[in-house]
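Derivation of every value follows stated rules applied to the coordinates shown; laboratory data play no part. All figures in this text were calculated on a predicted structure; none of them were measured in a lab. When we count neighbours, we look across all protein chains shown, and the Cβ atoms used for this are built from the backbone with ideal geometry, even at glycine.
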Amino acid sequence: MSKPNRKRLKLETVRAQRMEAHGDKYVEVEFQDAEGEEQVVRFLRQSWWPLPLMKQLSGLESLANADHDLEDAEVSSFLDRALSVLRVVSHDKSLFDQLHGQLTVADFNDIMELVTGDDENGVDAGKSPSSSE
């Protein structure tokens, strides 16, 4: 009998491979709240974001890659949208709001880099144990 001319991926297997490659699907940020207690906000890494969220980000990416100097209004819009993205991918919106009040530009950049920096998804579809061969 001939072999099928297709590959099949199981989402659970692909996600397990991604998890193994990156170790975790969250970036955790520790900070002290107004009362001085340690709090932790978890952000979902970009490779785990749902596709509808990625569609929302298309305008944000075009602003970030603009060939011209951004006007103050564009910078403000970019930051508002980027902060909104972080808020959406955080596990606790009220903790994010507390953290937001303490962030510096450098803190924001570091968090965004960690959350969005895992472009390699760690999955080799051709060698998936669930693929038909």
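Before moving on, here are some points about what is shown:
- Per-residue Karplus couplings for the stretch 82-94, computed as 6.51 cos²θ - 1.76 cosθ + 1.60 with θ equal to phi - 60°, are listed in order as 5, 5, 4, 4, 4, 4, 5, 8, 7, 7, 9, 5, 5 Hz, Gly and Pro entered as x.
- Calculated FRET efficiency for the pair K10/N109, C-beta based, R₀ 35 Å, to 0.05: 0.45
- The phi torsions of the stretch 33-47, fed into the Karplus equation with coefficients 6.51, -1.76 and 1.60 and a -60° offset, translate into couplings of 7, 4, 8, x, 8, 5, 10, 10, 10, 9, 10, 5, 5, 4, 5 Hz, rounded to whole numbers, with Gly and Pro shown as x.
- Taking amide hydrogens as placed 1.01 Å from N in the peptide plane, the amide H of Y26 sits under 5 Å from those of R45, each at least 5 positions away in sequence or on another chain.
- Distance between the modelled labels on S84 and D24, one decimal in nanometres: 2.8 nm (7 Å Cα→Cβ projection).
- Projected label distance in nm at L51 and D33, using a 7 Å step from Cα toward the beta-carbon: 3.8 nm
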